[in-house]
1. Between helix 163-177 and the chain, what is the angle of the helix's C-alpha long axis to the longest principal axis, kept within 0 to 90° and rounded to the nearest 10?
2. Tell me the per residue accessible area of the chain using a 1.4 Å probe; a whole number in Å² is fine.
3. Step through the table entries LYS63/LYS93; LYS93/LYS175; LYS63/LYS175; LYS95/LYS175, compare each Cα-Cα distance with 26 Å, and write down the pairs that go over it.
4. Could you work out which residue, out of ILE37, ILE53, ILE211, moves most in a Gaussian network model of the chain, that is, has the largest mean-square fluctuation with Cα springs under 10 Å?
5. Give me the extension gain from SER156 to VAL204: residue separation times 0.36 nm, minus the current Cα-Cα distance, reported in nm with one decimal.
6. At what distance in nm do the modelled label points of ASP226 and ASN113 sit from each other, each positioned 7 Å from its Cα along Cα→Cβ?
7. Restricting things to alpha carbons, tell me how big the chain is in terms of Rg and Dmax, in Å.
8. Show me, bin by bin at 10 Å from 0, the whole-percent P(r) of the range 154-212 based on Cα pairs.
Amino acid sequence: MLSIRRTYTNRIFNAFKFIIMLLMVISCDSNPKRIIISGDSTITSQACRSEPISNFIFTDSEKNEGYFAENIAVGGNTIQQQNTIWNNLTSDKKKSFDFIFIQVGLNNCANGNSSVVIAALQSYVNDVNATKNADAKIILSCMLPCKYRWTYLNDSGILPNNPVQSQQVWTDLNKAIMNQNSSLPNISGVDFRNDYHVTLLADVNGNLNPIYDCGDYIHQNQAGADIIIQGIRNIIF
């Protein structure tokens, strides 16, 4: 009788052990994601941030599992310049990513024209769609709030521009990204439209909130970058 009980107990224990191991296998992602990050100085390292946001999208544990983020964002880049960087990647590189994240356009706003800028971003998205892996998803992300930046550039003489016009281009492009324009084209051919960070980073006047501002009215600190990162993670996971 004791032997039978012991055998029965061992079977229960082994079955329990099998269930635990099965759950562990199920919980592990057998297909860790790869993402490429395109943008400008608000996405790469700049001002009071020493590292690009790509370094923080995945945790160390996730990186050990094979999750990977690559940065092609460059400070000062326009949409067209980031488009060129994408086009210059090898075909194999372009097809190696599960997600393509694009948040660029701020350097097109000052002295810009809404229709021209929207067309430039659409052209970039078209090029990505034509060359990415067929299953890869495009995340098109809104520019961060920076309304006072246009006045600062003009008044300081750094870049003479019409602050009202510059802000209008910013507004029109973000609307195009979110498919919300009624009188101008919207960007098509994207899988995810992201504005998670815009309201969270803004003050009541549409400026970059001082608590997230590096001090130049456009570049966010790490706390601000973390909000952008969370928006990306919300989509990936």
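1. The answer is roughly 30 degrees.
2. Result: 51 Å² per residue.
3. Working: LYS63/LYS93 19 Å; LYS93/LYS175 30 Å; LYS63/LYS175 34 Å; LYS95/LYS175 29 Å.
The answer is LYS93/LYS175; LYS63/LYS175; LYS95/LYS175.
4. With Cα springs under 10 Å in the chain, the top fluctuation among ILE37, ILE53, ILE211 is at ILE211.
5. Working: separation 48, 0.36 × 48 = 17.28 nm, distance 2.35 nm.
Extra length available between SER156 and VAL204 comes to 14.9 nm.
6. 4.3 nm
7. Final numbers for Rg and Dmax: 22.8, 93 Å.
8. 20, 38, 34, 8
The values are calculated or read from the model by the stated rules, or taken from the named source; none is laboratory data. All figures in this text were calculated on a predicted structure; none of them were measured in a lab. Cβ sites come from the backbone with ideal geometry, for glycine too, and all protein chains shown count toward neighbours. Ligands, DNA and RNA are stripped out before the accessible areas are found, and what is left, the full protein with its side chains, is counted by its heavy atoms. Shrake-Rupley method; radii C 1.70, N 1.55, O 1.52, S 1.80 Å.
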